[in-house]
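Engineer: Structure in structure tokens, see below.
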Amino acid sequence: MWAALGAGCGAGPTATNPPTPTPAATTAPTARPSPTPNAFAAGCGNPLPDLADMYGFAVKVQLEPSPRKKILNASPLVRNGAYCSQVGLAGAFCETRIETDPGRVSCDHYLSGLADDNGPGPIWYQQVGDHLLRCPGVNSSGDAPGCQLKPENQYLLDVYQPGIYVACGGKGSNGSCGLCTLSAASYETPPESIGTRRPGLCSGN
């Protein structure tokens, strides 16, 4: 009888330890490079204009150095009345800062983006018929017949004939444009005005 009981006990299930689960393989997260700070944004400071608020360029004749040559100057505009009020300017749109503000240059660069040679400032065109032709420069090609970029300043443009000249935002901007139409009737600079500038020569802004 004891033997039968012993046999019965030995026939029961044997306790075993559960298998240790194998940890799932994991992949280390790929480190993402930190974004490069925008030096122009830092130099502009607060308030920083919103890139979406760029409203093209105000283009004017800066100088008439000879009877047939003019120098154009483009300044980026911000269309945001609250921003204009913050920087001390009136109206629904304005320049990035007042002329004497130490952050003005950096703010202009930030809003205007980079031209093809990676310098800050607008991309310049001459409109010929229905086509916009690029103004050539020392570091960039172009086939416009009446204009030449100034290597020392992308915001300035030498022009040599009447016509329509267009400044557009570069890489990093919203790409909006401003233009200056120089009429053939008033293009020639009279002797008494050479070395200065006559107001109101640009139309079409």
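Engineer: Which peptide among 73-80, 62-69 comes first, and what is the full order, when sorted by highest mean count of other Cβ atoms within 10 Å?
Structural biologist: 73-80, 62-69
Engineer: Just how many % of Cα pairs in the range 38-94 lie over 18 Å apart, if you round to the nearest whole percent? List each step's numbers first, then the result.
Structural biologist: Details: 754 of 1596 pairs.
It works out to 47 percent of all Cα pairs.
Engineer: If you wrap a convex hull around the alpha carbons of the range 39-193, what volume per residue comes out, as a whole number of Å³? Don't jump to the answer; show the numbers that get you there.
Structural biologist: On the way: hull volume 19.2 nm³, N = 155.
In the range 39-193, the Cα hull volume divided by residue count equals 124 Å³.
Engineer: Residue by residue, what Karplus-based ³J(HN,Hα) values in Hz, rounded to whole numbers, does the range 64-80 have, using 6.51, -1.76 and 1.60 with θ = phi - 60° and x for Gly and Pro?
Structural biologist: Values per residue, Gly and Pro as x: 10, x, 7, x, 10, 10, 9, 10, 8, 10, 10, 10, x, 10, 10, 9, 6 Hz.
Engineer: Measuring from label point to label point, each 7 Å out along Cα→Cβ, what is the R198 to A184 span in nm?
Structural biologist: 1.6
Engineer: Still on this structure, I have one more. Sorted by average packing, counted as other Cβ atoms within 10 angstrom per residue and highest first, what order do 81-90, 135-144 take?
Structural biologist: 135-144, 81-90
Engineer: D130 versus E152, label points 7 Å from Cα toward the beta carbon: distance in nm?
Structural biologist: 4.1
Engineer: I would also like to ask the following. Please list, in order along the range 41-50, the HN-Hα scalar couplings obtained from phi with the Karplus expression 6.51 cos²θ - 1.76 cosθ + 1.60 (θ = phi - 60°), rounded to whole Hz, x for Gly and Pro.
Structural biologist: 5, 5, x, 6, x, 10, x, 9, x, 6
Engineer: Find how much the distance from A42 to L89 grows on full extension, using 0.36 nm per residue of separation minus their present alpha carbon separation; answer in nm with one decimal. Don't jump to the answer; show the numbers that get you there.
Structural biologist: Numbers: separation 47, 0.36 × 47 = 16.92 nm, distance 2.12 nm.
Stretched fully, the A42-L89 segment lengthens by 14.8 nm.
Engineer: Please list 103-110, 40-47 highest first by mean number of surrounding beta-carbon atoms within 10 Å per residue. The partial results should precede the final answer.
Structural biologist: Numbers: 103-110: 21.5, 40-47: 15.4.
Answer by packing, highest mean first, reads 103-110, 40-47.
Read the figures in this text as sums done on the coordinates, not as results from a lab. Every value quoted in this text rests on a predicted model; they were computed, and no experiment measured them. Because the Cβ atoms are built from the backbone with ideal geometry, glycine has one as well, and the counts that use them run over all protein chains shown.
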